[in-house]
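The values are calculated or read from the model by the stated rules, or taken from the named source; none is laboratory data. A quick note: this is a predicted structure, and the numbers were derived from the prediction, not measured. Neighbour counts are summed over all protein chains in view; Cβ atoms, including those assigned to glycine, are modelled from backbone coordinates with ideal geometry.
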């Protein structure tokens, strides 16, 4: 079984818990995912099966979108509502106050990863150190917040919701914590739902319960997306049967003899290489007038 399953991860499950369920339901041991979601977070989790796991580090669109809830007037050690409370203070922030600070957190920004995260320091996960009561220096990272929208804000309870469209590696918890610092009140994340990842939306996902029912009826393949769906950002090129055979065996193709003729100036660009029947062979890279193998995905 090769392809992509789009799962709406439930609260209380780790990303690996989801992988374990899918292995049990599909019998496919070779599995992976495209981005960890914390146990208390829900939403889009693309799971890669079979040869799709080879795509893990080359998926073109790593941007993610989230709906995040927050509360002002408190801080915790985990930067979310599930951690140990570090401080509480009175907060009288208005919606106008929030709208004034939001532009400070859009575009390229720097973030320090939270101690309760999977980032490694000297070979150890930060969350393992944090659970031992150890805090270490973490270097700031540059991330990009493309869009940050205040969806609503309850001034009486100092609670609100944000829509965040951001680059890979962005911590929404840290974003909310930093907003709280700028407002002078402190803030914690109270809920997180990933609504989009790798170009896939929540509407395209199935729940684990739905997948279980489909598997019981032998219909799980009906929601399995092709490996090629991960690379729709790249233009396709259709090659002849002879060229498909050569490409599949590791050979480079003369661009002027493919559907890319006249586009030799596209050096460095990636293309989806397809056989005459529309079968996806893999990714090709244009270099020096040749279309060379970038990654093969046979039997997809």
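Of the strands (runs of 3 or more DSSP E) lying entirely inside the range 22-90, those containing at least 1 residues that are over 19 Å from the mean Cα position of the chain (by Cα), crowded, with 22+ Cβ neighbours inside 10 Å and not assigned by TED's automatic domain parsing to the domain that holds residue 221 are 64-72. Looking at the structure I just gave you, is residue 174 under 30 Å from residue 5 (Cα atoms) and surrounded by fewer than 18 Cβ atoms within 10 Å (Cβ to Cβ)? Considered against the rule, which asks whether it is under 30 Å from residue 5 (Cα atoms) and surrounded by fewer than 18 Cβ atoms within 10 Å (Cβ to Cβ), residue 174 comes out as no. Output the residues belonging to the range 136-148 that are surrounded by 11 or more Cβ atoms within 10 Å (Cβ to Cβ) and assigned to a loop (DSSP other than H, G, I, E, B). 136, 138 - these are the residues of the range 136-148 that are surrounded by 11 or more Cβ atoms within 10 Å (Cβ to Cβ) and assigned to a loop (DSSP other than H, G, I, E, B).
The single condition among (1) closer than 30 Å to residue 41 by Cβ; (2) at pLDDT 90 or above; (3) under 26 Å from the mean Cα position of the chain (by Cα) that residue 293 does not meet is (1).
Selection of first residues in the range 101-113 that are more than 26 Å from residue 126 (Cβ to Cβ) and of second residues that are in a helix (DSSP H, G or I), restricted to Cβ pairs under 9 Å at least 6 apart or on distinct chains, gives the following pairs, ordered by first then second residue: 101/179; 101/182; 101/183; 102/179.
Just for the range 103-128: of the residues that are crowded, with 17+ Cβ neighbours inside 10 Å and assigned to a helix (DSSP H, G or I), which one is modelled with the highest pLDDT? Here the answer is 105. Checking each residue in the range 214-249 for being surrounded by 13 or more Cβ atoms within 10 Å (Cβ to Cβ) and closer than 17 Å to residue 47 by Cα picks out 214, 215, 220, 223, 224, 225, 226, 227, 228, 229, 230, 231.
The residue list 18, 93 contains one member that is at pLDDT 95 or above, more than 30 Å from residue 129 (Cβ to Cβ) and crowded, with 19+ Cβ neighbours inside 10 Å, which is 93.
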